[in-house]
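Reading through the structure tokens given below for one structure.
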Amino acid sequence: MNKRSEGHPAALQLPREWSLVEDAYDEKDNQRKESLFALGNGYIGMRGYFEEGYHGKEGASVRGNYVNGFYDTAPIHYPEGAYGYPAEGQAMLNVTDAGILKLAVEGETFHLNRGHVRFYKRVLHMQSGVLHRLVEWESPAGHRVLIHIRRLVSLTHRHLAAIHYEVTALNFAGTVSLCSAMDGDIAEAEGPPDRGGDPRLGARRTEPSLLFEEAGSDGRGGGWLKQRTRHSRFALLTAMSHRLALPPSASYSLSEKHDRQRLSVQYDVALRRGDTFSLSKFISHHTSRDTREEELLMQSEGALRLAESRGFDGLAEEQHAYLDAFWSRADVEIKGDPALQQGLRFNAFGLLQSAGRDGRTSMAAKGLTGEGYEGHYFWDTEMYVLPFFTFTTPEIGRALLEFRYRTLEQARERAKVMAQRGALYPWRTIGGEENSAFFPAGTAQAHINADIAYGIRQYVQATGDEAFLVRQGAEILFETSRFWVDLGHYDPGRDGAFCIDGVTGPDEYTAIVNNNAYTNLMAREHLRYACETVGLLRERYPLQYARLEREIGLAEEEIREWQRAADKMYVPYDDELGIYAQDDTFLSKRKWDFADTPPENYPLLLHYHPLVIYRHQVLKQADLVLALFLLGEQFSREEKIRNYRYYEPLTTHDSSLSPCIHSIIAAEIGEMEAAYDYFGRTVRMDLDDVNGNAKDGLHTAAMAGSWMAVVNGFGGMRLDRGGRLGFRPVLPPQWESCRFKVMHRGQRIEVFFDREQVTYTLQEGEGLVILHDGERLEIRPEAPVRRELSADREPAGGHLGN
Ligand code: BGC
């Protein structure tokens with residue numbers, strides 16, 4: 001690579017479909033870009049802040065560094081509390097900032113708002129997993145340098161991140177100083193600024209959460225810092241080490257400074273004109289949540305030694321190899337629209353970066369990219385993120401479910417507080433305890449239990465991983481089934497139907513209702529699956545079943561009760577409209593006046609009191625429409641059309657979880673324009689900042705939703721109750737072709753379709769049976785099977801009655 005003659009390395013000439021490129025620095029957009037250029041590996045997250053700091057006048061910077069599952073607690077103050085409100089809230093912490101690198105050229109400090117930026121480019125490369133920044137800068141005194149910074153968060157060594165900082169003196173001989181630091185004093189000013197009453201941001205901490213304990217140096221410019229969280233008492237050890245590479249003739253001096261929580265080392269390098277030098281910085285984070293406390297230092301030393309021995313390039317090579325394997329299973333390729341293609345890859349890459357994979361952590365609503373929703377895990381994981389992993393990278397899918405098993409005890413405790421038997425999972429959490437301070441849109445969303453059960457069933461059926469079901473899944477299913485039968489009751493006024501009162505469904509614009517149809521349908525499915533699992537365990541794993549029965553004191557009568565509640569489940573239906581009612585009272589409410597709601601009043605949650613919203617027929621997000629997708633076999637096509645057409649016009653999509661689900665159902669019922677439009681809103685949700693809040697972190701559920709919109713929507717993929725995979729592809733007219741792969745029970749199948757036909761190819765495995773548009777196909781190795789696309793996806797006509 002000849003950097004000087006070209007002005008920029010060839011490595012930065014990447015196809016848009018595989019990269020995210022910023023050609024000019026715009027300070028107004030800084031925080032959003034920090035989210036977009038964030039790197040992570042499911043454990044460490046680093047926002048895309050500038051190493052040298054932010055010096056803009058407008059906007060601000062959130063120099064976010066996060067460790068998944070590492071949080072502090074703080075008391076929640078309720079002016080009017082009540083029994084059972086969570087006493088404490090957990091928040092993902094912005095931890096010690098080890099990404100600091102400050103450059104000075106002949107005594108002049110480099111930053112983007114000083115001197116003259118002659119060339120600027122930032123590139124996130126999704127095949128290599130490396131973030132590049134290339135700047136040609138001229139200092140106010142006229143000294144020009146070319147700076148090439150590469151950054152990665154290792155996907156193969158979860159405790160490690162690395163920065164490679166390279167400087168070339170273009171037109172002068174002189175001293176270039178590079179100061180590398182880590183700072184454990186995360187000032188409140190670094191936290192998200194004005195929250196403007198936005199409930200999605202969460203409470204602001206008023207005191208530092210990380211308290212200094214100890215620090216040390218390795219005598220070679222490296223050092224470490226140990227801190228403890230104020231309330232949760234977790235320990236964090238952050239460490240850094242360096243490797244300097246100089247041209248043969250260059251000399252340098254090094255000076256170190258330790259000031260309690262701030263450790264720094266400065267390299268002053270004497271360069272000749274045209275010389276290039278580089279500093280590799282290796283960063284590690286370890287916490288007492290995942291490493292024995294007495295081993296923190298030793299483990300971090302080990303991680304840094306490993307990084308030094310690989311060097312930045314070695315780590316980058318491993319990163320590339322890891323991603324090659326990932327993309328071979330997870331890539332979705334569409335021909336005909338580079339912007340959408342870029343969005344799909346950005347989303348898949350983002351999911352990989354943020355998903356916990358150690359069984360102790362999960363996926364925060366904003367991943368590891370920002371502090372929106374305080375780093376909490378929601379149902380987003382099981383209903384949106386999990387399918388992506390189940391069908392592409394099942395080992396991560398399993399780890400996400402293991403998190404629920406690990407926190408089953410807290411769910412049992414929560415059920416007790418709520419005066420119920422069994423287990424109730426928290427609406428939002430990091431450590432497993434309920435964190436929702438607003439119960440109408442929190443604890444009342446009991447559907448979380450059924451969502452987790454659904455995720456388990458889908459995972460087990462798609463992977464065949466019965467070991468997980470036997471060891472962990474079954475216990476979750478049984479404890480959460482106990483909750484349902486205790487929560488609901490048989491209503492004599494409704495022929496003894498099983499009713500569930502006082503819950504909130506997925507749509508948070510309607511709260512605390514009786515018989516939310518989604519909840520009841522999903523609870524029915526949950527109870528049925530629990531009964532089937534009892535049957536499976538009894539037959540195939542009798543010893544394990546006997547042990548579980550004993551351990552949780554499961555009585556025969558209880559299982560009969562699950563079956564009975566499922567059989568008698570009440571699902572509200574309106575005969576006149578021929579649709580399911582969202583709940584007992586929804587259809588009798590006044591409809592929201594959309595015509596008189598100005599565009600600036602969206603999202604409604606920021607402009608109307610919750611009660612005003614609750615009194616109307618208006619949806620924040622897919623509710624019954626989501627059930628149409630998840631439990632598709634239980635509805636006829638006509639029912640799907642009628643229900644979709646009723647609820648769709650009432651839906652604001654104020655939640656980013658909504659458009660993808662509408663896209664899937666629209667595609668299924670032949671409303672291709674709507675399907676494409678909703679897909680567009682999902683796939684570039686963050687790249688185009690559709691919801692205007694990407695600065696607080698990326699919308700991981702929507703990112704996963706874009707994968708579902710292609711695979712389940714346009715690809716028509718469904719896993720039937722028997723665990724069989726079926727497809728019914730339809731190509732949006734804007735595309736030339738589409739290709740994706742899915743894993744099914746250890747086999748990998750590629751689905752490729754263009755306007756005329758679809759080709760199914762087995763890429764891994766012995767052979768499997770799938771359904772194409774209802775037709776049974778056997779797919780064998782090296783024998784692709786082709787079929788014409790079915791032509792009956794025209795928009796449904798008016799022949800459906802009512
Ligand atoms: C949605 C919830 C979601 C949460 C976190 C809310 O706006 O209504 O369904 O779980 O965001 O993403």
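The values are calculated or read from the model by the stated rules, or taken from the named source; none is laboratory data. Predicted model, so just to flag it, every value in this text is computed and none were measured. Positions of Cβ are generated from backbone atoms using ideal geometry, with glycine treated the same way; all protein chains shown enter the neighbour counts.
Of all residues in segment 365-381, count the ones that are more than 9 Å from the ligand (Cβ to nearest atom), surrounded by 24 or more Cβ atoms within 10 Å (Cβ to Cβ) and part of a helix (DSSP H, G or I).
The total comes to 2.
Output the number of the condition that R357 fails; it satisfies all remaining conditions of (1) closer than 25 Å to F478 by Cβ; (2) crowded, with 24+ Cβ neighbours inside 10 Å; (3) away from the ligand (no atom under 13 Å from the Cβ); (4) in contact (Cβ under 8 Å) with a residue 60 or more places away in the chain.
Unmet for R357, out of (1) closer than 25 Å to F478 by Cβ; (2) crowded, with 24+ Cβ neighbours inside 10 Å; (3) away from the ligand (no atom under 13 Å from the Cβ); (4) in contact (Cβ under 8 Å) with a residue 60 or more places away in the chain: (1).
Does segment 163-177 include one or more residues that are crowded, with 20+ Cβ neighbours inside 10 Å, modelled with pLDDT of 95 or more and touching a helix residue (DSSP H, G or I) at 6+ places or on another chain (Cβ under 6 Å)?
Within segment 163-177 (the criterion being crowded, with 20+ Cβ neighbours inside 10 Å, modelled with pLDDT of 95 or more and touching a helix residue (DSSP H, G or I) at 6+ places or on another chain (Cβ under 6 Å)), the answer is yes, since at least one residue qualifies.
Name the strands (runs of 3 or more DSSP E) wholly inside segment 212-264 in which the number of residues that are within 20 Å of N65 (Cβ to Cβ), modelled with pLDDT of 95 or more and charged (D, E, K, R) is 2 or more.
Correct list: 223-229.
Looking for whichever is closer than 15 Å to H699 by Cβ and buried (at least 21 other Cβ atoms within 10 Å of the Cβ) here; the options are F346, F389. Which one fits?
That would be F346, the only listed residue that is closer than 15 Å to H699 by Cβ and buried (at least 21 other Cβ atoms within 10 Å of the Cβ).
Any chance you could count how many residues in segment 382-399 are touching a Pro at 6+ places or on another chain (Cβ under 9 Å) and part of a loop (DSSP other than H, G, I, E, B)?
Result for segment 382-399: 0.
Conditions (1) β-branched (V, I, T); (2) within 16 Å of the ligand (Cβ to nearest atom); (3) in contact with a helix residue (DSSP H, G or I) (Cβ under 8 Å, 6 or more places away or on another chain); (4) assigned to a loop (DSSP other than H, G, I, E, B), marked per residue:
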site	(1), (2), (3), (4)
T597	yes, no, yes, yes
Y608	no, yes, yes, yes
V612	yes, no, no, no
V625	yes, yes, yes, no
L628	no, no, yes, no
E638	no, no, no, no
N643	no, no, yes, no
Y647	no, yes, yes, no
D654	no, yes, yes, yes
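Check Q458, Q420 and return the single one that is in contact (Cβ under 8 Å) with a residue 40 or more places away in the chain, surrounded by fewer than 24 Cβ atoms within 10 Å (Cβ to Cβ) and either within 16 Å of the ligand (Cβ to nearest atom) or in a helix (DSSP H, G or I) (or both).
From the options Q458, Q420, the qualifying one is Q458.
Would you confirm, using the coordinates I've provided, whether R681 is buried (at least 18 other Cβ atoms within 10 Å of the Cβ), within 16 Å of the ligand (Cβ to nearest atom), more than 22 Å from E382 (Cβ to Cβ) and among the basic types (K, R)?
It is true that R681 is buried (at least 18 other Cβ atoms within 10 Å of the Cβ), within 16 Å of the ligand (Cβ to nearest atom), more than 22 Å from E382 (Cβ to Cβ) and among the basic types (K, R).
Which condition does Q563 not pass, out of (1) in contact (Cβ under 8 Å) with a residue 24 or more places away in the chain; (2) farther than 20 Å from V513 by Cβ; (3) over 31 Å from the mean Cα position of the chain (by Cα); (4) not in a helix (DSSP H, G or I), if it passes all the others?
Unmet for Q563, out of (1) in contact (Cβ under 8 Å) with a residue 24 or more places away in the chain; (2) farther than 20 Å from V513 by Cβ; (3) over 31 Å from the mean Cα position of the chain (by Cα); (4) not in a helix (DSSP H, G or I): (4).
Go through (1) of a type in the set (A, V, I, L, M, F, W, C); (2) buried (at least 21 other Cβ atoms within 10 Å of the Cβ); (3) more than 27 Å from the chain's Cα centre (by Cα) one by one and return the number of the condition F282 breaks.
(3)
Sort out which residues of segment 448-486 are of a type in the set (D, E) and closer than 20 Å to I559 by Cβ, and write them in order of number.
Across segment 448-486, the qualifying residues are E466, E475, E479, D486.
Please enumerate the residues belonging to segment 292-320 that are free of Cβ contacts under 8 Å to residues at least 40 places away in the same chain and either more than 24 Å from L101 (Cα to Cα) or not in a helix (DSSP H, G or I) (or both).
Once the filter is applied, which keeps residues that are free of Cβ contacts under 8 Å to residues at least 40 places away in the same chain and either more than 24 Å from L101 (Cα to Cα) or not in a helix (DSSP H, G or I) (or both), segment 292-320 yields R292, E294, E295, M298.
Which one of the conditions (1) more than 21 Å from G222 (Cβ to Cβ); (2) out of contact with any Lys or Arg (no Cβ under 6 Å at 6 or more places or on another chain) does A303 fail to meet, given that it meets all the rest?
If we test A303 against (1) more than 21 Å from G222 (Cβ to Cβ); (2) out of contact with any Lys or Arg (no Cβ under 6 Å at 6 or more places or on another chain), just (1) comes out false.
Identify, from the list R728, R748, the residue that is in contact with a strand residue (DSSP E or B) (Cβ under 6 Å, 6 or more places away or on another chain), basic (K, R) and away from the ligand (no atom under 16 Å from the Cβ).
Criteria check complete, one pass: R748.
Which condition number does G670 fail, the rest of (1) more than 16 Å from the ligand (Cβ to nearest atom); (2) assigned to a helix (DSSP H, G or I) being met?
Condition (2) is where G670 drops out.
Just one of the numbered conditions (1) in contact with a Leu (Cβ under 9 Å, 6 or more places away or on another chain); (2) over 23 Å from G69 (Cβ atoms); (3) in a helix (DSSP H, G or I) is not true of E479; which one?
It fails just one condition, (2).
Quick one: which of A325, A330 is away from the ligand (no atom under 16 Å from the Cβ), without any contact (Cβ under 8 Å) to a residue 40 or more places away in the chain and either within 30 Å of L762 (Cβ to Cβ) or under 13 Å from the mean Cα position of the chain (by Cα) (or both)?
A325
Just to verify a result, which residue in segment 684-716, among those that are free of Cβ contacts under 8 Å to residues at least 40 places away in the same chain and more than 16 Å from the ligand (Cβ to nearest atom), is surrounded by the fewest Cβ atoms within 10 Å (Cβ to Cβ)?
Among those that are free of Cβ contacts under 8 Å to residues at least 40 places away in the same chain and more than 16 Å from the ligand (Cβ to nearest atom), it is D688.
Quick one: how many residues across segment 511-553 are touching a helix residue (DSSP H, G or I) at 6+ places or on another chain (Cβ under 6 Å) and closer than 30 Å to S436 by Cα?
14
Looking at segment 497-524, which of its residues are within 16 Å of the ligand (Cβ to nearest atom) and part of a loop (DSSP other than H, G, I, E, B)?
T504, G505, P506, D507, E508, Y509, T510, A511, I512, N516
From E479, E475, grab the single residue that is at pLDDT 95 or above, more than 16 Å from the ligand (Cβ to nearest atom) and surrounded by fewer than 20 Cβ atoms within 10 Å (Cβ to Cβ).
Exactly one residue qualifies, and that residue is E475.
When segment 9-64 is examined, which residues are found to be within 21 Å of D324 (Cα to Cα), in contact with a strand residue (DSSP E or B) (Cβ under 6 Å, 6 or more places away or on another chain) and among the hydroxyl-bearing types (S, T, Y)?
The one that is within 21 Å of D324 (Cα to Cα), in contact with a strand residue (DSSP E or B) (Cβ under 6 Å, 6 or more places away or on another chain) and among the hydroxyl-bearing types (S, T, Y): S19.
Might you check whether a residue that is among the basic types (K, R) and modelled with pLDDT of 95 or more occurs anywhere in segment 47-54?
Looking through segment 47-54, at least one residue is among the basic types (K, R) and modelled with pLDDT of 95 or more.
Where in segment 71-167 are there strands (runs of 3 or more DSSP E), lying fully within it, with 1 or more residues that are in contact with a His (Cβ under 7 Å, 6 or more places away or on another chain)?
Result: 71-75, 97-105, 116-125, 130-138, 144-153.
Scan segment 736-748 and tell me whether some residue there is surrounded by 17 or more Cβ atoms within 10 Å (Cβ to Cβ), free of Cβ contacts under 8 Å to residues at least 24 places away in the same chain and within 14 Å of F391 (Cβ to Cβ).
yes
Among (1) at pLDDT below 95; (2) over 26 Å from the mean Cα position of the chain (by Cα), where does N693 come up short?
The one condition N693 does not meet is (2).
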